[in-house]
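In what follows, a structure is listed as structure tokens, so that the remarks can point back to it.
Where a number appears in this text, it was derived from the coordinates with a stated rule and is not lab data. Note that the structure is predicted; figures quoted are calculated from it, not measured. Cβ placement follows ideal geometry from the backbone for every residue including glycine, while neighbour counts extend to all protein chains displayed.
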Amino acid sequence: MGCFFSKGRKTEKESRPESEEERPKQYSWDQREKVDIKDYMFNGLKDETVGRLPGKVAGQQFFIQDCENCNIYIFDHSAAVTIDDCTNCKIFLGPVKGSVFFRNCRDCKCTLACQQFRVRDCRKLEIFLCCATQPIIESSTNIKFGCFQWYYPELAFQFKDAGLSIFNNTWSNVHDFTPVSGEVNWSLLPENAVIQDYVPIPTTEELQAVHVSTEANRSIIPISRGQRPKNSDESCLVVLFAGDYTIANARKLIDEMVGKGFFLVQTKEVSMKADDAKRVFQDKAPDYLPLLSKGPVIALEFNGDGAVEECQLIINKTFNGTKIFVSENKETASEDVDSFYNFVDIQMGI
């Protein structure tokens, strides 16, 4: 007795029309857009002005190598940038999420922002830098540093995409891995250095589409004095707590203080815990503890005779009702500054 289904039954595969043959299985990585490394590299160029417009790098790694007498502009954020064997080039790099590494370069001028910065086997570099961690030089000579100073409309968003804070900039706190007794391998550029004398605004039609400004008051990064000698024994610490207008308030306070002749020494954006607040704010800590859960604080250090009093006047007048910590008097202000940056050093493991 035969099975009722033994005749005329076709398998699913046999009954499927030829046009519906089983397709190869698709994986997510097969659907990714293929990356052509040539789109993320400048190699072997001479006497050229080249660049990448906003959106054209979009977080990829970038390579610059064997270029001579070139002006190079990367107006986008990237994962990491390596610059090898370049001579007499002028380079601008938008925010770099990871590291920027110069190797075997000579007579180059650069403006860049990154998480980590390293130079090895280089000579005569002049760099306007924003770096979230301590810059490193190794086996290099005549390296000069200034504070990053640049603006174009997309730059603030690119900093966010790269995970960089505009307030964390240790540009002048340089570590030399290979110091030579009696010699100085690095120094700071003059405070009045004009950035366009080093890295000019591009003049090609394509790159002019990026509306660049190098004016100090428009710079996305606050211009700080860093490790330069202070003009006064009086410094003032201001700490702004996270809120809707924290960044705008910090910028306004900087503009007000600098406009009155005081100097911005350094800035930090950092998360604080209850124990940190108790060490920094001491008996005032209970007033600020509820604010710490809202996000990182922004700290500003100003220097100049009368800085404490002027800061208090501006905050009382302009930021009335906003909770801001400011040094109470000039006698304890230096202790406030030291206490805060000792906490930062501990947090960063310095």
| Under unit Cβ charges (Lys, Arg +1; Asp, Glu -1), what dipole magnitude, rounded to 20 debye, does segment 35-209 have relative to its Cα centre? | 320
| query | Which one of Ala80, Val297, Phe263 is farthest out on the positive end of the charge dipole of the chain, using unit charges on Cβ (Lys, Arg +1; Asp, Glu -1) and the Cα centre as origin? | reply | Ala80
| query | Kirkwood hydrodynamic radius (Cα pairs, Å) of segment 140-248? | reply | 16.9
| If the cut-off is 19 Å between C-alpha atoms, which lysines fall inside it for Lys38, apart from same-chain ones fewer than 8 positions away? | Lys46, Lys56
| message | Using only the Cα atoms of segment 230-348, what semi-axes does the equivalent ellipsoid have when each is the square root of 5 times a gyration tensor eigenvalue? Give whole Å, largest first. | response | 21, 17, 13
| said: For Cα extents along the principal axes in Å, pick the label among (i) 107, 56, 43; (ii) 72, 50, 38; (iii) 52, 43, 40 that corresponds to the value derived from the coordinates. | reply: (i)
| query | Along the Cα-to-Cβ line of Asn217, 7 Å from the Cα, sits a label point; which residues in segment 254-291 have backbone N less than 15 Å from it? | reply | 254-262
| said: Just to confirm the number: angle between the C-alpha axis of helix 246-259 and the first principal axis of the chain, 0 to 90 degrees, nearest 10? | reply: 40
| message | Along each principal axis of its Cα atoms, how long is segment 35-209 end to end? Whole angstroms, biggest number first, please. | response | 47, 35, 33
| request: Could you work out the relative contact order of the chain, using alpha carbon pairs under 8 angstrom and six or more residues apart, expressed as a whole percent? | output: 11
| message | So if I take the centroid of the Cα atoms in segment 199-233 and the same for segment 301-333, what is the distance between those two points in Å? | response | 27
| remark: Candidates Val297, Val35, Val212; GNM for the chain (alpha-carbon contacts under 10 Å) flags as most fluctuating Val35
| query | For the chain, modelled as a Gaussian network with Cα springs under 10 Å, which listed residue fluctuates most, Ser293, Ser334, Ser181? | reply | Ser181
| query | Put +1 on the Cβ of every Lys and Arg and -1 on every Asp and Glu Cβ in the chain; which of Asn173, Ser213, Phe62 then has its Cα farthest towards the positive end of the dipole? | reply | Phe62
| said: Can you tell me which of Ile137, Ile37, Ile298 moves the most in a GNM of the chain? Springs connect C-alpha atoms under 10 Å apart. | reply: Ile37
| Taking K and R as +1 and D and E as -1, what net charge do the other residues with C-beta under 14 Å from the C-beta of Gly94 add up to? | +1
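What's the magnitude of the charge dipole for the chain around its Cα centre, counting Lys and Arg as +1 and Asp and Glu as -1 at the beta-carbon? Answer in Debye, nearest 20.
Working: 40 positive and 50 negative charges, 210 e Å.
Here the size comes out at about 1020 debye.
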| request: Just the number, please: percent antiparallel of the DSSP beta bridges in the chain, rounded to the nearest 5. | output: 25
| request: Give the angle, between 0 and 90 degrees and rounded to the nearest 10, that separates the Cα long axis of helix 307-318 from the longest principal axis of the Cα atoms of the chain. | output: 60
